[in-house]
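Read through the structure below, which is laid out as structure tokens, and then see the notes.
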Amino acid sequence: MSQPLRLGIAGLGTVGTGVVKIIRQKAALLEARCGRAVVISAVSARSKSKDRGVNLSDYAWEDDPVALAQRDDVDVFVELMGGSDGPAKAATEAAIAAGKDVVTANKALLAHHGQALAETAEAAGRVIRFEAAVAGGIPVIKALTEGLAGNEITRVMGVMNGSCNYILTRMENAGLTYQEVFDEANGLGYLEADPNLDVGGIDAGHKLALLASIAFGTKVDFDAVELEGIGCITIEDIRQAADMGYKIKLLGVSQMTGRGLEQRMSPCLVPATSPLGQLDGGTNMVVIEGDEVGQIVLRGAGAGMGPTASAVLGDICDIARGLRISTFGQPAASLSTAPAAVASTPAPYYLRMTLLDRPGALSKVTKALGEAGISIHRMRQYDHEADNAPVLIVTHKTSRADLDVALAAMDKLDDVVGAPVALRIESV
């Protein structure tokens, strides 16, 4: 009879507690599906006395996650503490050095140290699995590494931060300002302790960097991800986008181009009728395009106890079954270093700006665009606000580099009040 797979779980927050509950409640189901029992040997967290709503008395307790990772009765170290450095990194390294496999939900750790950890683990014959680190319960890592292994991936994109999608959806449906909905979401506990991880695009950027590595066979390069948060989006932008048949989403896009690897996480306009455009609330969606399969869409809960714990258990079950896959879908030592391409793929852009209400102001803006080689597809002027005139411009396809030239020229114009908002219009 096969020996049980023994777990050491570090971190007993929402996800860790969810993992314990599933293992306790579904032991027979897991054993039937894995061909062996899955058991917990020991756990670790900041506080032993905290009531987590689940019985932990059957498990050994370690105050130090590094000590947990090194225990002889642990086969798989389950890291659910979070953080790119500190205890999470130290304990993961200790687990690999002690001959343990690792399952983690920690996107920040892998976005910053994934290449080094993967090389170390693979040299030691260990695996690191991280389905729960990207898009919660959606099995996107498994889709890329296994189901789509016969495809050249051409593009990966998606909405990968439910908090941002909630804010943008709530602004649209309730007609509220960004600040009003931000305060509401923060009060409901929807945002990280540092809200900028969510609304600044950092959390979703970590996820995009991991997906890009798998999709394109490159070393994880979070520093090359272009990050722009949703703080610049106004209710007027949302309404004007809707008038044109678009929705605004914090969208991650990665694709390999002739100039290198594009990785960008920024607010974009997408067609309202597209799957991404119809995505409301805190749900996540990942769209993958491959040369053989075409386009597939994966949609589901991107966070929460059940969905994220479900992803953790999927990885644990794969290890229990003996499935061993390189961390990023191919040996870490074979991953290439891709040059970063800054939004090199041309696209139309939505521009919103405020001009002083005086003759010649608009012509100076159109001149700046024309001198940068950018043509205008449509333009609208809205009711004046005191001495200011709001203007909306949609360009024909242009490169971000040319647009930046035009924006720099506008920045020097006395007629432009504040900085224009520029949002890419993504084809999906």
Would you check which residues across the stretch 284-308 are assigned to a strand (DSSP E or B), open to solvent by 30 Å² or more (accessible area, probe 1.4 Å) and in contact with a helix residue (DSSP H, G or I) (Cβ under 8 Å, 6 or more places away or on another chain) and list them? Ile296, Leu298, Ala301
Going by the conditions given, is Met379 over 30 Å from Asp221 (Cβ atoms) and either free of Cβ contacts under 8 Å to residues at least 24 places away in the same chain or in contact with a helix residue (DSSP H, G or I) (Cβ under 6 Å, 6 or more places away or on another chain) (or both)? yes
Can you name every one of the strands (runs of 3 or more DSSP E) wholly within the stretch 309-428 that holds 3 or more residues which are touching a Phe, Trp or Tyr at 6+ places or on another chain (Cβ under 7 Å)? 388-395, 416-425
Answer with yes or no whether Ile248 is surrounded by fewer than 19 Cβ atoms within 10 Å (Cβ to Cβ) and touching a residue at least 60 places away in the same chain (Cβ under 8 Å). no
Test: residue in the stretch 40-51 that is assigned to a loop (DSSP other than H, G, I, E, B), in contact with a helix residue (DSSP H, G or I) (Cβ under 9 Å, 6 or more places away or on another chain) and surrounded by fewer than 17 Cβ atoms within 10 Å (Cβ to Cβ): no
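Of all residues in the stretch 52-69, how many are in a loop (DSSP other than H, G, I, E, B) and open to solvent by less than 50 Å² (accessible area, probe 1.4 Å)? Give the derivation first.
Narrowing the stretch 52-69 to residues in a loop (DSSP other than H, G, I, E, B): 52-59, 62-64.
Checking which are open to solvent by less than 50 Å² (accessible area, probe 1.4 Å) leaves us with 52, 54, 56, 59, 62.
Total satisfying the criteria: 5.
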State whether the residues of the stretch 25-38 include one that is assigned to a strand (DSSP E or B), over 30 Å from the mean Cα position of the chain (by Cα) and either free of Cβ contacts under 8 Å to residues at least 12 places away in the same chain or farther than 25 Å from Gly136 by Cβ (or both). no
Restricting attention to helices (runs of 4 or more DSSP H) lying wholly within the stretch 194-279, give those where 1 or more residues are closer than 25 Å to Ile141 by Cβ and not hydrophobic (A, V, I, L, M, F, W, C). 196-199, 202-216
Restrict the check to the stretch 70-86 and report whether at least one residue is in a helix (DSSP H, G or I), in contact with a helix residue (DSSP H, G or I) (Cβ under 6 Å, 6 or more places away or on another chain) and closer than 20 Å to Pro4 by Cβ. no
Residues of the stretch 155-213 classified as under 20 Å from Thr145 (Cα atoms) and either surrounded by fewer than 22 Cβ atoms within 10 Å (Cβ to Cβ) or among the charged types (D, E, K, R) (or both), total: 2
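The values are calculated or read from the model by the stated rules, or taken from the named source; none is laboratory data. Predicted, not measured: the structure shown is a model, and the values here were computed from it. Glycine gets a Cβ as well: all are built from the backbone with ideal geometry, and neighbour counts include every protein chain shown. Ligands, DNA and RNA are excluded from the accessible area calculation, which covers all protein heavy atoms including side chains. Shrake-Rupley method; radii C 1.70, N 1.55, O 1.52, S 1.80 Å.
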